[in-house]
Amino acid sequence: MSFLNTAFYSSNLNHHVILYIYRMIKYSWLFILILLASSCGNDDLIIDSSTVFRYNEHANITTLDPAFAKDQRNIWACNLIYNGLVKLDKNLKVVPDLAASWTVSEDGLIYTFELKKDIYFQENSALPAKARQAGFAKARKVTAQDFKYSLERLTDPAVASPGAWVMSNVAAINAIDAHQISITLKKPFPAFLGLLTMRFCSVVLPEAVEKHGNEYRSNPVGTGPFYLKRWEENVKMVLRKNSNYHEKDSTGNPLPYLEAVAITFKSDKQSEFLEYAQGNLDFINAIDPSYKDELLTTTGDLKPKYLSSTNLIKAPFLNTEYLGLYMDSKTPELQSRLLRQAINKGFDREKMIKYLRNNIGIPATSGLIPAGLPAGGVVKGYEYDINEAQQLVKQYITETGDTNPEITITTGANYLDLCEFIQKELEKIGITTSVEVMPPSTLRQNRSEGKLDIFRSSWIADYPDAENYLSLGYSKNFSPNGPNYTHFKNETYDQLYEQALSLPNAADRKELYIKMDSIIINEAPIVPLYYDESVRFISKKVSGLETNAVNMLDLTRVRKGK
């Protein structure tokens, strides 16, 4: 019996319901291809399905305005429509995007960018006739003034962009001429170029923003490889190839190769998987517990039945999963470094990853900084040692007189299995552990307000510099106004952090980063769990789909076969 039939019949569904669902899955993408063809205009009456890349965004897309691209669902879509001054390559190196080159002043305060010439915005209806370029009926060239407008827009109170913090250290932005722009910082910040790779910093067409106002979210105009053709909210989105896109491949062929991108918004992950299994999606990002054992072995390999149709791509992802310990808590157990270290040594991270995550992720036996960043994976962290953990607990009891140490871990439902594993392990070393489950939004609020003793959390890199992780330990970043949710405070750490911000040389910063990470491990305000990995299940019909450690979706050089 095929997998589809097995899955359906094992659920004891009525035969007619099964047939209905099967037909819906089978013909849903046919409908989208018809939609593509019917909405293309006279120049594209038929679209070859092998030129359409199809994926599902189960969390839905809420905006195509890059000023609000703060999470993956919106970042991915905006990355297909927009460009910035710089971008990250697959090795997380900052490379040119629409900037041809740049210089940094000796004091580290002034960044001057030379823009590439003959870059056009996507064709649109927002431009008056006099603004259009010859040969481009509804387009015009990008200028330095457009970038000035786009970056300053982030800090406009009327816009209320969640990306305003990216420009918080900027003193001035000047369009020197049509192709030169300078950005002056208030104080040196060596990771500033990395900040500019964020999708917040994309260039937008000012005329389109002014014309559409709040509706710019669904009327985007950028310079990227695709433009928005149709968006039926909560149902589907269609992006079409931008014929004015500036990049070419190594042999001079225009990019992108694809004619279209079709995105659906099915919230049920099991349905998403069934569509992939039937060939109606070209890839799945990440893996859900509902089907992880169907696709993967316990060692994290693709099961044999999918080897002929699927490529499994696993890559380091700049995300550290951890337990945060609130250092300002009045709970005596959290005030003891002995007990904090015992918690860190008291459970087997390798077993946890193998059996609960099918080996997706790397056990966090190093510091807070994940491998893939300079200084990442260097510091020696905590290995599982039940005997040493038990000795630390006994020492805590002797010093404090607390004969029954108790802790409570708060988590969301998606990580309950991990926390229950840790609970059982810690009870073996003499720590009575409770697990409390909260909705994610409630957990985030209580974590920010210091209402949780121990909380499950994660930190995904905003930009590729270890400083982004180490900001979690800087005392001036105490929540609720900063990311230091543990309220960890250490004078030496703060001095090293501030010193690192003044060093333009990456090698010099690395040495300070290692020292700071060592302090974090020694004082143990966090319990690193694992360093995440991105997981992609990609149809063998697809080629050229690469990833990097921030798990960006780039379809510029993707091809599909039949």
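The values are calculated or read from the model by the stated rules, or taken from the named source; none is laboratory data. None of these values were measured; they are calculated from a predicted model. FYI the Cβ positions are ideal-geometry reconstructions off the backbone, even for glycines, and counts take in every protein chain you see.
Condition check ((1) touching a Leu at 6+ places or on another chain (Cβ under 7 Å); (2) part of a loop (DSSP other than H, G, I, E, B); (3) surrounded by fewer than 14 Cβ atoms within 10 Å (Cβ to Cβ)) across all residues:
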{"residue": "THR403", "(1), (2), (3)": "no, yes, yes"}
{"residue": "ILE409", "(1), (2), (3)": "yes, no, no"}
{"residue": "ASP417", "(1), (2), (3)": "yes, no, no"}
{"residue": "GLN423", "(1), (2), (3)": "no, no, no"}
{"residue": "LEU452", "(1), (2), (3)": "no, yes, no"}
{"residue": "TYR469", "(1), (2), (3)": "yes, no, no"}
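Counting only residues that are at pLDDT 95 or above and part of a loop (DSSP other than H, G, I, E, B), how many does the range 190-222 have?
10
Any idea which residue in the range 234-273 is modelled with the lowest pLDDT, counting only those that are part of a loop (DSSP other than H, G, I, E, B) and in contact with a helix residue (DSSP H, G or I) (Cβ under 8 Å, 6 or more places away or on another chain)?
LYS266
Every residue, every condition in (1) in contact with a strand residue (DSSP E or B) (Cβ under 7 Å, 6 or more places away or on another chain); (2) of a type in the set (A, V, I, L, M, F, W, C); (3) crowded, with 21+ Cβ neighbours inside 10 Å, yes or no:
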{"site": "MET516", "(1), (2), (3)": "no, yes, yes"}
{"site": "ASN522", "(1), (2), (3)": "no, no, no"}
{"site": "PHE537", "(1), (2), (3)": "yes, yes, yes"}
{"site": "GLY544", "(1), (2), (3)": "yes, no, no"}
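In the range 85-117, how many residues are part of a strand (DSSP E or B), of a type in the set (Gly, Ala, Ser) and in contact with a Lys or Arg (Cβ under 9 Å, 6 or more places away or on another chain)?
Going through the range 85-117 one residue at a time, the tally reaches 2.
For THR486, indicate whether it is among the hydroxyl-bearing types (Ser, Thr, Tyr), more than 25 Å from the chain's Cα centre (by Cα), outside the structural domain of LEU196 (by TED's automatic domain parsing) and at pLDDT 95 or above.
So THR486 does not fit the description; no.
For SER441, only one of the following conditions fails: (1) among the small types (Gly, Ala, Ser); (2) surrounded by fewer than 20 Cβ atoms within 10 Å (Cβ to Cβ); (3) assigned to a loop (DSSP other than H, G, I, E, B); (4) out of contact with any strand residue (DSSP E or B) (no Cβ under 9 Å at 6 or more places or on another chain). What is its number?
(3)
Since ASP249 meets every condition but one in (1) buried (at least 22 other Cβ atoms within 10 Å of the Cβ); (2) farther than 12 Å from TYR82 by Cα, which condition does it not meet?
All conditions pass for ASP249, except number (1).
Select from the range 504-562 the residues that are of a type in the set (Lys, Arg), under 24 Å from the mean Cα position of the chain (by Cα) and part of a helix (DSSP H, G or I) and list them in ascending order.
Matches in the range 504-562: LYS510 only.
Which members of the range 92-126 meet the condition of being under 19 Å from GLN180 (Cβ atoms) and of a type in the set (Lys, Arg)?
LYS116, LYS117
Small (Gly, Ala, Ser) and crowded, with 20+ Cβ neighbours inside 10 Å: does that describe ALA191?
Spelling it out, it is not the case that ALA191 is small (Gly, Ala, Ser) and crowded, with 20+ Cβ neighbours inside 10 Å.
Can you tell me which of PHE121, PHE113, PHE53 is modelled with pLDDT of 95 or more, over 17 Å from the mean Cα position of the chain (by Cα) and not assigned by TED's automatic domain parsing to the domain that holds LYS141?
Among PHE121, PHE113, PHE53, only PHE53 is modelled with pLDDT of 95 or more, over 17 Å from the mean Cα position of the chain (by Cα) and not assigned by TED's automatic domain parsing to the domain that holds LYS141.
Just to be sure I understand the filter: pairs with C-beta atoms under 8 Å, separated by 6 or more residues or on different chains, first member in the range 368-384 and at positive phi, second member surrounded by fewer than 18 Cβ atoms within 10 Å (Cβ to Cβ) and part of a loop (DSSP other than H, G, I, E, B). Which pairs pass?
Taking only residues 6 or more apart or on different chains, the pairs are GLY377/ALA371.
Go through the range 271-298 and give me each residue that's assigned by TED's automatic domain parsing to the domain that holds MET552 and free of Cβ contacts under 8 Å to residues at least 40 places away in the same chain.
The answer is PHE273, and nothing else.
Inspect the range 206-223 for any residue being among the hydroxyl-bearing types (Ser, Thr, Tyr), touching a Pro at 6+ places or on another chain (Cβ under 6 Å) and surrounded by 15 or more Cβ atoms within 10 Å (Cβ to Cβ) and give the result as yes or no.
Checked the range 206-223: no residue is among the hydroxyl-bearing types (Ser, Thr, Tyr), touching a Pro at 6+ places or on another chain (Cβ under 6 Å) and surrounded by 15 or more Cβ atoms within 10 Å (Cβ to Cβ).
Can you tell me which residues in the range 299-320 are out of contact with any helix residue (DSSP H, G or I) (no Cβ under 8 Å at 6 or more places or on another chain) and within 26 Å of TYR485 (Cα to Cα)?
PRO316, PHE317, LEU318, ASN319
For the range 425-438, which residues satisfy the criterion of being in a helix (DSSP H, G or I) and surrounded by 14 or more Cβ atoms within 10 Å (Cβ to Cβ)?
Matches in the range 425-438: GLU425, LEU426.
Could you list all residues from the range 283-306 that are part of a helix (DSSP H, G or I), farther than 20 Å from PHE317 by Cβ and of a type outside the set (Asp, Glu)?
Answer for the range 283-306, where residues must be part of a helix (DSSP H, G or I), farther than 20 Å from PHE317 by Cβ and of a type outside the set (Asp, Glu): PRO304, LYS305, TYR306.
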